[in-house]
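The values are calculated or read from the model by the stated rules, or taken from the named source; none is laboratory data. Please read all numbers here as calculations on a predicted model, not as lab measurements. Here Cβ is always computed from backbone atoms with ideal geometry, including for glycine, and neighbour counts include all displayed protein chains.
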Amino acid sequence: MTDNNKPIGELTLRTVAMPADTNAAGDIFGGWVMAQMDIASGIRAAERAMGRVVTKAVKEMAFELPVKIGDTLNVYTDIMRVGNTSITLKVEAWARRARHKALEKVTTGVFIMVALDDDGKPKQLPPEGMMED
């Protein structure tokens, strides 16, 4: 069972939601939030792959709460599975609310990243012990 009051995974990215990222209702675009989650997935997967990765799929995306202007978006990543060439990550986005400082989960998704070689072809992931600290 997961705890909706505490992020799961490693804090991988933090950024501030700005007015240019809002929709007509004044909330931050879901696509902007998803892009930040994709960036965080790429950072974490590239560290594990020790090289280039690309997004293969995004699954089970669920928006729970809106992000507001001035909120700090905190994106946490947790490696769920490592295959031969792919890495599956659970990604949570939490907003540190600008006005009342509460940390609230706004969305969760599962991202699948694939390691690529210099020619853009899927490549074998290095053994876990090869990772740099």
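Restrict the check to the range 80-94 and report whether at least one residue is more than 14 Å from Gly9 (Cβ to Cβ), charged (D, E, K, R) and surrounded by 14 or more Cβ atoms within 10 Å (Cβ to Cβ).
no
Looking at (1) closer than 16 Å to Val16 by Cα; (2) modelled with pLDDT under 95, which is the only condition Pro126 fails?
Here Pro126 clears every test but (1).
Right, Asn5: in contact with a Pro (Cβ under 9 Å, 6 or more places away or on another chain) and in a loop (DSSP other than H, G, I, E, B) or not?
no
Starting from the range 70-93, take each residue that is closer than 18 Å to Met50 by Cβ and list its partners that are charged (D, E, K, R), counting only C-beta distances under 6 angstrom and pairs at least six apart or across chains.
Thr77/Glu10; Thr77/Arg44; Ile87/Arg48; Thr88/Arg81
Can you confirm whether the range 76-95 contains a residue that is polar (S, T, N, Q), assigned to a strand (DSSP E or B) and over 16 Å from Pro7 (Cβ atoms)?
Within the range 76-95, one or more residues are polar (S, T, N, Q), assigned to a strand (DSSP E or B) and over 16 Å from Pro7 (Cβ atoms).
Among Ile69, Ile112, which is more than 19 Å from the chain's Cα centre (by Cα), on the phi < 0 side of the Ramachandran plot and of a type in the set (A, V, I, L, M, F, W, C)?
Ile69
For the range 26-55, which positions are of a type in the set (A, V, I, L, M, F, W, C), in contact (Cβ under 8 Å) with a residue 12 or more places away in the chain and not in a helix (DSSP H, G or I)?
Ile28, Met50, Val53, Val54, listed by residue number.
Among the residues of the range 107-121, which ones are surrounded by 21 or more Cβ atoms within 10 Å (Cβ to Cβ) and either among the hydroxyl-bearing types (Ser, Thr, Tyr) or under 14 Å from Ala62 (Cβ atoms) (or both)?
Thr107, Phe111
List the residue pairs whose Cβ atoms are under 7 Å apart, where the first residue sits in the range 98-114 and is within 21 Å of Val53 (Cβ to Cβ), the second is in a strand (DSSP E or B) and of a type in the set (S, T, N, Q), and the two are 6 or more positions apart or on different chains.
Close Cβ pairs (under 7 Å, with a partner that is in a strand (DSSP E or B) and of a type in the set (S, T, N, Q)) amount to Val110/Thr88; Phe111/Thr55; Ile112/Ser86; Ile112/Thr88; Met113/Thr55; Met113/Ser86; Val114/Ser86.
Identify, from the list Ala115, Ala98, the residue that is modelled with pLDDT of 95 or more, over 18 Å from Ala35 (Cβ atoms) and not polar (S, T, N, Q).
Ala115
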